[in-house]
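Visitor: Mind having a look at this structure? Questions to follow.
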Amino acid sequence: MPASARPLDGVPEALGRLARRFHSVTVVSGRPATFLWHLLAAVASDPVAPVRLVGLYGVESAAPDGTIVVDEAAGAWMPVVAGVADRLRARAPEGVLVEVTGPSVTVHYRRAPAAADWVVDHAGTEAEAAGLVAHRGRRSVEIRPDLSMDKGVVVRRAAVGCRAVGFFGDDLGDVPAFVELGRLRAEEGMGAVGVAVIDQETSPEVAALADLSVVGPVGALEVLEFLAVAPAGHRDG
């Protein structure tokens, strides 16, 4: 279940050490900011170097005191999204999960892989009729407003004032972030590294855009822990 996702043991601690060392660490997710806060409140509320939590691809964020700040334009779409979710739930095949997260709805077919075509077709039709946009994910389709907000925008904002930036991603929703890294490198001369976290479900497009790949969350954690303790010569950003 999407709501049951949890970070590996050691991830919050590694993020905290990275934030204290590099002074700018952001966790950006398609999940709501409240979900991220529940998992990472200890490092997000650190008084010295808080880890920034950004949810719903940039639509909302959690302040160090836990207050959730929602983009005003996104909030206006919530009734429309709720209507889309109700219609999809009423017709969805068995095993398909329709999940509302703020101003977006995600249709999951992980437990019903045979329903993939149904999900893609009906999500696309509903999105078009409601003036929303459908985005493919890991055995899912997300429907959300076209707010010119994605993980690439979050990376661009987080990189302001930095000499270098790195990003870890494993899903199609991470593609805009990898593209933004390339732009920062080419147009602004910034040091930028994209790390693809690969498993059996990772789209080839994700790995193709990254600068290097690691195997699964364990591989990503190993890199985070290395960055947190590497000699000063390894950190130049």
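Visitor: Run residue 122 past the list (1) in contact with a Phe, Trp or Tyr (Cβ under 7 Å, 6 or more places away or on another chain); (2) farther than 30 Å from residue 191 by Cβ; (3) not hydrophobic (A, V, I, L, M, F, W, C) and report the number of the one that doesn't hold.
Guide: (1)
Here is a yes/no grid of residues against (1) touching a strand residue (DSSP E or B) at 6+ places or on another chain (Cβ under 6 Å); (2) free of Cβ contacts under 8 Å to residues at least 40 places away in the same chain; (3) of a type in the set (A, V, I, L, M, F, W, C):
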| site | (1), (2), (3) |
| --- | --- |
| 187 | no, yes, no |
| 190 | no, yes, yes |
| 194 | yes, yes, no |
| 209 | no, yes, yes |
| 220 | yes, no, yes |
| 226 | no, yes, yes |
| 230 | no, yes, yes |
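Visitor: Of all residues in the stretch 197-217, which are acidic (Asp, Glu) and within 15 Å of residue 177 (Cα to Cα)?
Guide: 205, 211
Visitor: Tell me the residue from 28, 48 that is surrounded by fewer than 18 Cβ atoms within 10 Å (Cβ to Cβ), in contact (Cβ under 8 Å) with a residue 12 or more places away in the chain and in contact with a Lys or Arg (Cβ under 7 Å, 6 or more places away or on another chain), please.
Guide: Being surrounded by fewer than 18 Cβ atoms within 10 Å (Cβ to Cβ), in contact (Cβ under 8 Å) with a residue 12 or more places away in the chain and in contact with a Lys or Arg (Cβ under 7 Å, 6 or more places away or on another chain) holds for just one of 28, 48, which is 48.
Visitor: OK, next. What strands (runs of 3 or more DSSP E) lie completely within the stretch 25-79 and have 1 or more residues being closer than 17 Å to residue 145 by Cβ?
Guide: 52-55, 60-62, 68-70
Conditions (1) of a type outside the set (A, V, I, L, M, F, W, C); (2) over 19 Å from the mean Cα position of the chain (by Cα), marked per residue:
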residue	(1), (2)
161	yes, yes
165	no, no
168	no, no
171	yes, no
174	yes, no
178	no, no
199	yes, no
208	no, no
211	yes, no
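Visitor: Kindly indicate whether residue 88 is surrounded by 13 or more Cβ atoms within 10 Å (Cβ to Cβ) and under 21 Å from residue 121 (Cα atoms). Give the steps one after another, and end with the answer.
Guide: Details: surrounded by 13 or more Cβ atoms within 10 Å (Cβ to Cβ): yes; under 21 Å from residue 121 (Cα atoms): yes.
Against the criterion (surrounded by 13 or more Cβ atoms within 10 Å (Cβ to Cβ) and under 21 Å from residue 121 (Cα atoms)), residue 88 qualifies.
Throughout, read-outs are computed from the coordinates displayed, never taken from laboratory work. Please read all numbers here as calculations on a predicted model, not as lab measurements. Please note: Cβ atoms are built from the backbone with ideal geometry, for glycine as well, and neighbour counts cover all protein chains shown.
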